[in-house]
Amino acid sequence: MTSHALTLIGNAETNPLKTAHIERVCQRLEIPVDPHWLAEDEACDLFMDSPLTSLEVTQQVRESLSGTAIDAACTATRGRRKKLLISDMDSTVIDQECIDELGDAFGVGPQIREITTAVIKGEINFSEALRKRMLLMKGMDQHLLESVYRDRLTIKAGARTLVQTMSHHGAYCILVSGGFSFFTSRISERLGFDDDKGNELIFEDGILTGAVEEPVLGRIAKLTILNELCDQKGLQLAEVLAVGDGANDIMMIQAAGLGVAIHASESLKEVADAFIDHGDLSALLYIQGFHKSQFVTS
């Protein structure tokens, strides 16, 4: 049995995976051109034994595919399919940062976004940044949150397919966010997660007080939730898939057997086992060896 699976991922409609891409990779790695297609013109596995680590293989492949819109990830063939999915929410399974959208709706968008950008890059402490942003939104009516959810938030491509497919094949799926449970509960139900965790907003008579319940759910809490779930379900860290986009996800991405950074900050990509720059969240299914015919899209 080969020890590693190298997965190449394109987009059949906009950036098809071509034989030329595969040949270029195989030449670089000095392996036979023997693709196992997961989806025609979109994704394939190349099985190999290599003295290189998965990250070293991926780096060589990315160099050989420079200038293309093809993603690549190398994983161990043993235990490819994970039994626990733990996912961030903002800019991971939805296209927006909820707190930025709230800021825009309340008229303090630029101030909020400046802090959010620094948080994603890992330049400032998440908990303190959240408290500062909450103070800027003191006095917001709860109805405004409802309108932001209804009118401003959109689901990322592949998100529902990822959750539904992993759930169908027996994985436990949880949405864990440094954002707000007001949104995680709704997004979780919409996508089919088994559970969700987020920060609790504090209201008085339907008005935001400018605070959240302590302690703030940040990067340490995400890791704690991951570890507690593994203990509860008798799982090893190797059986976990974690996905996120920002510095607040670093600890859970590092701990998971497969930590994936999706359209992510450089600080997260540096510690991830794999990162997706071009594709959508369905890429995480290909990385686990799922054939497109096994995707659940209902």
Open item on the list: Just to verify a number: FRET efficiency for residue 66 and residue 3, C-beta to C-beta distance, R0 = 25 Å, to 0.05?
Closed with: 0.45
Open item on the list: I need the per residue convex hull volume for segment 1-78, using only the alpha carbons, in cubic angstrom as a whole number.
Closed with: 79
TODO: Could you grab the relative contact order for the chain? Cα pairs under 8 Å, six or more apart, rounded to a whole percent.
DONE: 22
Open item on the list: With angles folded into 0 to 90 degrees, how steeply does helix 181-191 sit against the dominant principal axis of the chain? Use alpha carbons for both and round to 10.
Closed with: 40
- [ ] Just add up the charged neighbours of residue 41: K/R +1, D/E -1, any other residue whose Cβ is under 14 Å from the Cβ of residue 41.
- [x] -1
Open item on the list: Over the chain, how many pairs of lysines fall under 16 Å by alpha carbon, counting only those 8 or more apart in sequence or from different chains?
Closed with: 4
Task: Along the chain, longest interval not containing exposed trypsin sites (Lys or Arg not before Pro), exposed being DSSP loop plus at most 14 other Cβ atoms within 10 Å - done: 139-298
Task: Cα-based Rg / Dmax (Å) for the chain - done: 19.8, 67
- [ ] Taking every pair of Cα atoms in segment 104-244, average 1/r, invert it to obtain the Kirkwood radius, and report Rg/Rh to two decimals.
- [x] 0.98
TODO: Could you work out how far helix 142-152 tilts from the main Cα principal axis of the chain, as a 0 to 90 degree angle to the nearest 10?
DONE: 30
TODO: Could you please report the charge total around residue 256, scoring K, R as +1 and D, E as -1 over all other residues with beta-carbon less than 11 angstrom from its beta-carbon?
DONE: -1
- [ ] May I ask you to sort 71, 34, 249, 151 by Cβ crowding, counting other Cβ atoms within 10 Å and putting the fewest first?
- [x] 151, 34, 71, 249
- [ ] Sum -39500 (n - 2.57) across every DSSP H segment of at least 4 residues in the chain, then divide by the residue count to get the 222 nm mean residue ellipticity, nearest 500.
- [x] -11500 deg cm²/dmol
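Every number in this text was worked out from the coordinates using simple rules, so none of it is lab data. These figures come from a predicted structure and were not determined experimentally. Glycine also receives a Cβ, built like all others from the backbone with ideal geometry; neighbour counts cover every protein chain displayed.
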